[in-house]
Amino acid sequence: MMLMSTVGWAGSAFLPQDKGYSCLIVIGYMPNDDGKLVEFPLGGGYEFTIDRGTGRTIGALSNYATNTLGDFQPTVLHRGNKEQYFKAVTIYPTQQPLVETLIVEEFAGTKEKPFVFTRNAKIITGTCENI
């Protein structure tokens, strides 16, 4: 019975998308005093992984924290599909509140899915692939 269950998971058409994304950061922006977006240095080539079940990121971007101020975890608003973005938000309600959003264009017609990550006024973009 255990073997049949394992085979069922291995044959699932949804397994790769259910796991998450492997992402590469391409560029970052932030508004200047005139309200125009200007590039800020990233160094390029940064990678991170997204867990589609929890919304947590690991690697060059981290959108969760557990410390003396609390346990701050992302909330997945939508897991994404052929018509909708993957969406997650993390709110750190501390003395200096921080809001992060993560959006992946799951419905993109290519293997690489564009993403946008925001941390307050900073915007980071790049591409992700289903894993």
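Every number here is computed from the coordinates shown, using simple stated rules; none is lab data. Given the structure is predicted, the values throughout are model-derived calculations rather than measurements. Backbone-built Cβ (ideal geometry, glycine too); neighbour counts: all protein chains shown.
Does the stretch 16-130 come out rounded, prolate or oblate by the C-alpha gyration tensor, with a ≥ b ≥ c the root eigenvalues, rounded set by a/c under 1.5 and, if not, prolate when a/b is larger than b/c and oblate if not? Oblate is the answer for the stretch 16-130, as a/c is 1.5 or above yet b/c matches or exceeds a/b. Here each label is just a point 7 Å from Cα along the line to Cβ, and for K19 and K36 those points are 4.4 nm apart.
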